[in-house]
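Comments concern the structure below.
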Ligand code: RIB
Ligand code: CA
């Protein structure tokens, strides 16, 4: 039986790669819906990016747009990394794809409650839509198998010394998710930086004939230009990890830890505080924290998905 998933995203270059990994493995994933949330860019821009991506691919999933801002705070954009459009680097067509809904929360509830079997949520942006879903419709909790997020970090943030962007944008929503009792799989910055792509691998995508691989190569050329500019040693494909773990858990190493979210204004706001004390034994730690990945295998599986889509989306 295929794994039912819903992806919540703020496309965003790495969000797109995560969506393509799922769509490029149709025998394994049943993507019952994709929803958008403000983060890398405004809700309007990230939703337009999803619609333009689907139009370019010539394939799609049911989709809805969600929250335009965090539950309790002002929106902070990640536009430095992803450009003015939120997905700079490729000339997408004007969209012909239309959303199912402009209310992601009721859209997610309907998809989850009507799905045969349980659903795994894969949020790879700020957790606003997921927090609102769990608070508004708690009946969905028993139908959710796990929540595989990209977000957080155990040792160092990327927005502040303590906080990673997706958690930092909406810590209250993250608090709801991590307190929900639903198993959380956390692809934090430790593992996402271990799964970085190289310039040479990007160049190999650009050199391919396939229209999806070539698009990914050009998008990633733009994406890494920011990281090059600020001195990153590797180019993390953050969001891909949250999907890749579901597909290939065996290429990851992890620890099951109790993780709490810091919602207090101040220098540690948005911290995913993991209890690393060896003598502290938790009966049911709430989070599987991914810490490392076989990078070569990670890239190989991702490129296979692009190649599958080169065929599936050929014109
Ligand atoms: O910190 C990385 C996260 O922020 C990724 O999800 C990226 O897409 C941005 O949303
Ligand atoms: Ca994202």
- Query: Looking at this structure, is residue 80 within 16 Å of ligand 1 (Cβ to nearest atom) and at pLDDT 95 or above?
  - Reply: no
- Does at least one position in segment 111-131 carry a residue that is over 17 Å from the mean Cα position of the chain (by Cα), farther than 17 Å from residue 63 by Cβ and outside any loop (DSSP other than H, G, I, E, B)? yes
- Item | Flag if residue 32 is within 24 Å of residue 167 (Cα to Cα) and either more than 16 Å from ligand 2 (Cβ to nearest atom) or not in a helix (DSSP H, G or I) (or both) | no
- Query: Which pairs do you get when a residue that is in contact (Cβ under 8 Å) with a residue 12 or more places away in the chain and over 23 Å from residue 39 (Cα atoms), found in segment 106-127, comes within reach of a residue that is part of a loop (DSSP other than H, G, I, E, B) and away from ligand 1 (no atom under 16 Å from the Cβ), reach meaning Cβ atoms under 8 angstrom, with the pair 6+ apart or on two chains?
  - Reply: 111/62; 117/1
- Message: So residue 62 ticks every box in (1) within 16 Å of ligand 1 (Cβ to nearest atom); (2) surrounded by fewer than 21 Cβ atoms within 10 Å (Cβ to Cβ) but one. Which box is left unticked?
- Response: (1)
- Taking segment 54-107 and keeping only residues that are within 16 Å of ligand 2 (Cβ to nearest atom) and assigned to a helix (DSSP H, G or I), one is left with 79, 80, 81, 82, 104
- Task: Only residues that are surrounded by 24 or more Cβ atoms within 10 Å (Cβ to Cβ), part of a loop (DSSP other than H, G, I, E, B) and more than 14 Å from ligand 1 (Cβ to nearest atom): list them for segment 1-23, please.
- Result: none
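Rundown of residues vs (1) closer than 21 Å to residue 185 by Cβ; (2) in contact with a helix residue (DSSP H, G or I) (Cβ under 6 Å, 6 or more places away or on another chain); (3) more than 16 Å from ligand 1 (Cβ to nearest atom), yes/no style:
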site	(1), (2), (3)
91	no, no, yes
97	no, yes, yes
103	no, no, yes
106	no, no, yes
118	yes, yes, yes
133	yes, yes, yes
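The values are calculated or read from the model by the stated rules, or taken from the named source; none is laboratory data. Please read these numbers as outputs of a predicted model, since none were measured by experiment. Neighbour counts are summed over all protein chains in view; Cβ atoms, including those assigned to glycine, are modelled from backbone coordinates with ideal geometry.
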